[in-house]
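Read the structure below first, then the notes.
Derivation of every value follows stated rules applied to the coordinates shown; laboratory data play no part. From a predicted model like this one, the values you see are computed outputs, not experimental measurements. FYI the Cβ positions are ideal-geometry reconstructions off the backbone, even for glycines, and counts take in every protein chain you see.
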Amino acid sequence: MERHVYASEHDFVHKLEELVKSGVKPEDIETRTPHPVHHAEEILRMKPSNVRLFALVGGITGVATGYLFPSLTALDWTLFVGNKPLVGIPPYTVIAFELMVLFGGLSGFLGLLVTSRMPGIRTIISNDEFGDMFEIYVKRD
Amino acid sequence: MDRREFLGLLGLASGASLLAGCDLTRKTEKLIPYLVPPEDGVLPGEATFVATSCTECPAQCGMTARIRDGRPVKVDGLPKHPINDGALCVRGQSSLSRLYSVDRIRQPMVKDAGGNLVPATWADALKRSADALRAGRENVLLSGRTTGSLSALMSDFATRTGVRREPEFELFSYAAVRAANRAIFGADVVPLLHPDRADVVITVGADVVETFGNPVQFSTLLSKRRGSHGRNTWFHVEPHASMTGFQADHRFVVRPGSEAYLLAYLLQGLSGKVGLPGGVAAQIASVPAVSAQQAEEKTGLTTSQIDELRHALLVAESPLLVAGSVSTAQESGLDTARLAALIQSACGMHGKTLDFAQAQDYSRVGTMADVERLMGQLDAGTVGALILFDTDPVAQLPMGDKFGASIDKAAFAIGVSDMLTPTMERCDVVLPLSHTLESWGDAEPASGVVNAIQPAIAPLFDTRSNGDVLLSLMIELGAAAAGTTYQQYVYDRWTRDLGAGAGAAMLKQGWGTGPAKAAGGSAGAAGHTFTFAQSTAPSGQVLVIAPSVRWYDGRSAVLPLLQEVPDPLSAVTWDSWVSVGMETCKAMGIEESSVVELRGEGWSVPLTVRPQPGLAKDVFVVQRGAANPAVGWARSGGEANAVVAITAAATGRKERLSEVSGSLYQEGRGIVPGTHPEHFNGDHSGHGEPKHEEVSFYPLPKYPNYRWAMAVDLDKCIGCNACVAACYVENNIPMVGREQHLRGREMAWIRLEQYYEKDGSAGHFVPTMCQHCDFAPCEPVCPVYATYHNDEGLNAQVYNRCVGTRYCGNNCPYKQRRFNYFSYEHRPYPMNLMTNPDVSMRGKGMMEKCTMCVQRIRKARDVAKDEKRTIREGDLTTACAQACPGKAIVFGNLLDENSEVHKWAHDSRSNRILEELGTSPGVYYLSDNHVKGNGSHGA
Amino acid sequence: MEHKAVATSAAAHPAAMKRLAIEREVISAMQKPGLLYWALVGLFATGFAVFLLGAWGIQIAKGIGLGGQLNPVGWGIYIVNFVFWVGIAHSGTLISAVLFLFRSKFRASFNRAAEAMTVIAVMCAGMYPLIHLGRVWYAFWLFPYPNQRLLWTNFKSPLEWDVFAISTYLTISVVFFYVGLIPDFAIVKRYTRGVSRHIYSVLSLGWVGSKRQWRNYNMLYALLAGLATPLVLSVHSVVSWDFAMGIVPGWHTTIFAPYFVAGAIFSGCAMVLTLCIPMRKIQRLENVMPIEHFEKLAKTMLFTSMIVGYAYTIEFLLAYYSGNVYEFGIFKDRATGYYKFQYWGMVFCNMIVPLPLFIKKLRRNLKWLFVTSIFVNIGMWLERFVIIITSLAHEYVPYAWGTYQPRGVEISIMIGTFCFFFMMFLLFAKFLPVVAITEKKEEVQ
């Protein structure tokens, strides 16, 4: 395991490019940066995050719940109010929208925890710190 | 294991452990299965009815009390009663709260050494009274008006104990009217009026739908000539503004004290009439001539108004003219009364529209002259014991304070009353009266009609009925056999007068008919010198002291319910006020809440101003019970003055009045059905056929069996507020008091909205309640389904589900929802006994509103179900509809095409309030014919 | 793990120096608070306890009638405050989420403070529907939970929409706020010792800034920003529908949703200014909060002021042109009736006072901006008062007109929420990094 530490983002990116060109597999390169470096992600050919799938599933669940739950409860015990239809799409759309956002947001957060393996008990306990430098770790055999 | 099974096992287990833990030999009581009803007839959940008589005012309508769990919880007019025909006025409806008033005297009271009234026993109080009566000087009995057995017993009492019975005291003594009737018709009575037989009704001052005569009877009979068929024309002449005036088709405002000129002028127009009785013709001849110009000048009416009146009287086939109240309670009052009587005689109203055979007997009632004579004797110190029997002259007399001082001059004063009135506070002994609903007795609302009075509840306190008080005194004095009861006395009298076995029939039916008194004929008695032309009518600023529809002569002002229910004209609730016309307000630079000082000869009262549209300039109106200035009395007629000259001065102070109306005008809105302004933007086609489908996405709801609905005929509505009081009692509506009224939180489920034309030319009175809309805006906004629409068209409110967001209240365009801002459900004893057990009490933080008396619907459904049928027309009605003296409200199933409500809803006059909002209300209003006839009035 | 250092560039690199400066400036704002700070926090906490909790307790015991609500005006200043605080909350999210989506640079100066403001303001707002309930002890009935009778809530009610909108909004705001804080917690952790270090350590969830963490983090942050933006619009639309769905004249109009949203941004910008201008001064954040960014905020405020002004005018004209006697009656009454001072106060504060911001010099004058923002805060409170109270006071039936005036308990609770708000904001300013450190660092080249 070798470690490179840079103060500037430019140097860090430059080194990354160098490493990848030199044939190091991107999976073997681990980085620590004080802020996200989008260029680095491209260099390392990272796949889009799965967080969005979590959010998508959550959102769809939310919409479905938002329509089904009010409709089913309204049909379960029929109470007429203002002689409006029991199942009203416009009013339930509001519920569906809010639940989409709620479920989508929460499952997205869950997605972050799952996909990033957070909370990382080890890092919490250890003194492994989120530093101010651009660091590269290369796993070499 | 399901839930039920689990609960069952749980019960078994805990029950078994409980049994094991108990010593079964101790604390066991004999349980009686409820197969045989207990002897007192109390069936839980079942109401029984007791026929009795209302005694809140001297009209004494037949009344029925509904008894639940041994307590009367509602009173109503006795159905098919010959006088009031099932209706009861606002005072009668509220009289139940007198029974349960927290202010009732709960035991006899005697004055201690320090001059304070302290509780005592009956034995002590009676002994003191008897000792005083035996003391030697002349004893005097002064009572309020009595009829029937009580009057007879009082005579017995007087003769047997040697007490002198004074003429009875009533502030509204009809002295001038009776004097005129005595002279012209030879009958010392107040005849009952029959507007149903009249094609033209002219009332001069007489507030015939408020206090004059029997207002309930007048209203029920009038309603037969209102509505869709056979309408008559009603002119009302008055110096001030009264509710009666605004109900008439034509309200003519005359200068105070000028009524005699108008009547004299009208009488002249009749002098050519053929077939006048001889004596009357001679009397007519003795009336000073009044020219048309004079009549106009004096009354302030226009030529066309006077001509209209004169013409109407001339062409009428069967007219009814009556003068009274404020128009006869003044110096020229006797002339006014006599002129009215002459017109009555000349037009042959006697026996047709004026019923002398069924008349109110006021023959024992004295005049103010009698009161003054009594005061003289008291002041001279010749009176020993003075018995003040159920009367309150100190509070009601214009010289009340003087009378109070005179009471002190009597050697001993014995008061008999249900409340500690100012008169009672002057007495040495106060004997507490039971309420009518706790008593035996009878009453004669009109000659020949006797109402039974029978107890609906045992006395709540250590009190006795009025007859028993008299008998107790007699027994104490040795003038009657020990053990005699008033119940027996009344029974014996019924048997004697009405025939054997009449007692049982009386108690069942509630009334009996006896021999009517002689009807009196035309007399043409001694001549009379008319002095109206010489006497000077009050000029400048004038105070009119008007009878109150709520408080009568002031006696009912002690009832909180009659403070909570607003005055129909001014919407004032808990305060005293003076009504001032708009012109006067402008001239004096005063407005709502200004305090003005009213000054007369030797008196002055500060009162808060309530602007009153339709009131003439410089006329100030105070209601009896709100203030009682020392205005003296009219020597000619013998009635307390009601019209006096005053000077009014603005004080610059302001005091908020507790009133419940947001605006006296419609402000350009077509709230009153049939009065949509021309430019009004909205659907006001004015017929009952809903055109909902044209404007809405949603179809009208389909109700399977019933669609409960109401219809209100504004032509029949007289704006009396009886419906409001009835609703308060039926539905346990909390009385929240002045403070909450000032904060705009009155709780009435039905209210009478009053709207005046800006020029004061007309007043509209619209009873409004929850409209039970098909498309109720209040329903969908509730987040917890606390209000919803049931399949019978009712807008239901589930109190216990309500969390109190108040959105429904905001979203009700009719503003009919009422919120419990505080905890009102706990009433002080004995007011808590008034609670109707059929209606749940609402707690703090809940919304409530009109339910269309759903408890009655439920009861009717139970009965119908037992009889294996559906609810039929006539099975039930709402409290408001039941009370209405004008029979202006009907309730029923709109789906039943034969129902009254269906007919009314499809009448050509049918309207719904704010129909253009698309709410499709379930309450239909039949617009006032009078308003329609005069085209659109948009203020 | 054992590391073999292969190359290390000089720590004294200018970019590293800049990043360190940012870090230090923000962290130094979090240094041990002084006595004055604690005195202030204590003061506000006491105010919160006495004015809000105390008064509310009395109100629950005695009844909601302690307030000034009456029969026509069922909603008093509790609901005014509710809408006011929701409005305040909105700009926080907007500054943070919308400006993130637009990759706006000046966002980084304010977004943390704005998000904190959002979370606290939603808490304040969320209290009010409860405070205003007649039977708050049954407030849980507003949530659809399977009760013993399986009676659910009425999802057609705008108030039920509110329940969902506000609780969603609070949740998503908290998540958004927290997610943004995760890397900063990890930084703060470095500067603390003892218990605090453990707390921040746990809060950072073990953040180290690895490539996968950043990758997922960025995705989530963008998603949340994407979700929060329409959420803000929907929440304030839902709040506006509380009124617009009603049949009350003055409420029942279609322009309410955009009108309310514009109003929310307007009032929110004002509140951000009110909070950030003193904070910048006291916590010496002049470098991370440059004046240009304030100017941009001022421009936003001016723009939304004109939208609101337009709404006031068009509303009036629509009512006039409709010829509807009820609708125009309300507006006539607003301008000339019992509440005319509130109405013209609203017009003055919201339409007139922001106009001088057309002058660049004034936009860059923080004192001027601060005073303007105070006026706008007041004006926007008055706007809600005018909309809610005057409409109810003068509805269809003249008989049922009434006038509402707030009473002691309502004023007290209102003061109490302000105490709560400032107490929470003070706590935020000392215990959390008030500026997004990692984002600021990202600007460093």
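Counting every pair of alpha carbons in the range B:296-395, the share spaced more than 21 Å apart comes to 56 percent.
Arranged from highest to lowest average of other beta-carbon atoms within 10 Å per residue, in what order do the peptides B:344-357, C:416-429 appear? Display every interim value, and only then the final one.
Values: B:344-357: 22.4, C:416-429: 20.4.
By packing density, highest mean first, the sequence is B:344-357, C:416-429.
Solvent-free Debye calculation, one equal scatterer per alpha-carbon of chain C: log10 I(q)/I(0) at 0.10 Å⁻¹ equals -0.76.
How crowded by other chains is C:57-70, given as the mean number of beta carbons from other chains within 10 Å of each beta carbon? Before the final figure, lay out the partial values.
Numbers: counts 0, 0, 0, 2, 2, 4, 9, 8, 12, 2, 2, 2, 7, 9.
The mean count of partner-chain Cβ atoms within 10 Å per residue comes to 4.
Taking C:Gln69, C:Gln283, C:Gln148 in turn, the Gaussian network model of chain C (Cα-Cα springs below 10 Å) assigns the largest fluctuation to C:Gln148. Note on B:Lys716: aspartates and glutamates with a C-alpha under 14 Å away, same-chain residues under 8 apart excluded, are B:Asp196, B:Asp249, B:Asp928.
Which of the peptides B:837-847, B:432-442, C:336-346 is most tightly packed, and how do the rest follow, going by the mean number of other Cβ atoms within 10 Å of each residue?
Numbers: B:837-847: 20.0, B:432-442: 25.5, C:336-346: 17.0.
Top to bottom by mean Cβ count within 10 Å: B:432-442, B:837-847, C:336-346.
Where the centre of each part is set by its Cα atoms, how far does the range C:111-135 sit from the range B:598-626, in angstrom? Between the Cα centres of the range C:111-135 and the range B:598-626 lies a distance of 54 Å. Shown here are the Rg and Dmax of the Cα trace of the range C:147-209, at 19.1, 55 Å. Note on the range A:78-141: semi-axes of the ellipsoid equivalent to its C-alpha gyration tensor, largest first and rounded to whole Å, are 50, 12, 10.
Simple rule: put +1 on each Lys or Arg Cβ and -1 on each Asp or Glu Cβ in chain B, find the dipole, and look at B:Ser228, B:Val781, B:Ala264; the Cα lying farthest toward the positive end is B:Val781.
Given the C-alpha atoms of the range B:358-420, compute the convex hull and give its volume per residue in Å³.
Values: hull volume 6.8 nm³, N = 63.
In the range B:358-420, the Cα hull volume divided by residue count equals 108 Å³.
Put the Cα centre of the range C:245-320 next to the Cα centre of the range B:692-731 and the gap is 46 Å. Taken residue by residue and averaged, Cβ atoms of other chains lying within 10 Å of the Cβ of A:106-112 number 6.
By its C-alpha gyration tensor, with a ≥ b ≥ c as the square roots of the eigenvalues, how is chain B shaped: rounded for a/c under 1.5, else prolate for a/b larger than b/c, else oblate? Walk me through the numbers before you get to the answer.
Numbers: a/c = 1.67, a/b = 1.13, b/c = 1.48.
Oblate, since a/c reaches 1.5 and b/c is not below a/b.
What is the average number of partner chain Cβ atoms found within 10 Å of a Cβ in C:130-141? Could the numbers behind the result be given before it?
On the way: counts 1, 0, 3, 6, 13, 10, 3, 2, 7, 3, 1, 7.
Counting Cβ atoms of other protein chains within 10 Å of each residue's Cβ and averaging gives 5.
For the range B:308-365, relative contact order (Cα pairs under 8 Å, six or more residues apart, normalised by length) works out to 34 percent. Across the protein assembly as shown, the volume of the C-alpha convex hull divided among the residues equals 236 Å³ per residue. Over the Cα atoms of the range B:155-233, Rg to Rh with Kirkwood Rh, two decimal places? Checking Rg against Rh, the ratio lands at 1.15.
Which FRET efficiency, nearest 0.05, do A:Asp76 and C:Tyr145 yield, Cβ-Cβ r, R0 22 Å? Provide the component values of the computation, followed by the final result.
Details: r = 14 Å, r/R0 = 0.65.
In this case the efficiency is close to 0.95.
Across the range C:198-345, the relative contact order, built from alpha-carbon pairs under 8 Å that are at least six residues apart, equals 18 percent. Seen from all directions on average, the range A:31-136 presents a Cα convex hull projection of 10.2 nm².
Set the Förster distance to 30 Å, then compute FRET efficiency between C:Phe341 and B:Lys617 from the Cβ-Cβ distance, nearest 0.05. Step by step, r from the Cβ atoms, then E = 0.30.
The alpha carbons of the range C:286-383 give a radius of gyration and a Dmax of 16.3, 57 Å, in that order. Extents of the range C:339-433, taken as max minus min of Cα coordinates on every principal axis and listed largest first, are 55, 37, 18 Å.
Separation of the range B:225-250 from the range B:572-589 is 24 Å, based on Cα centroids.
Of C:Ile352, C:Ile79, C:Ile199, the residue with the greatest mean-square motion in the GNM of chain C, using alpha carbon springs below 10 Å, is C:Ile199. Which of the lysines could be linked to C:Lys62 by a straight reach, that is with a Cα gap under 16 Å, when you skip same-chain ones fewer than 8 residues away? Counting by Cα, and skipping residues close in sequence, C:Lys62 has these lysines nearby: B:Lys844. Is there a pair in B:Lys352/B:Lys903; B:Lys508/B:Lys859; B:Lys224/B:Lys849; B:Lys224/B:Lys815; C:Lys156/C:Lys332 whose C-alpha atoms are over 25 Å apart, and which pairs would that be? Violating the 25 Å Cα-Cα cut-off are B:Lys352/B:Lys903; B:Lys224/B:Lys849; B:Lys224/B:Lys815; C:Lys156/C:Lys332. List the lysines whose Cα sits under 25 Å from the Cα of C:Lys361, skipping any in the same chain fewer than 8 residues away. Qualifying lysines at Cα under 25 Å: C:Lys105, C:Lys281, C:Lys296, C:Lys299.
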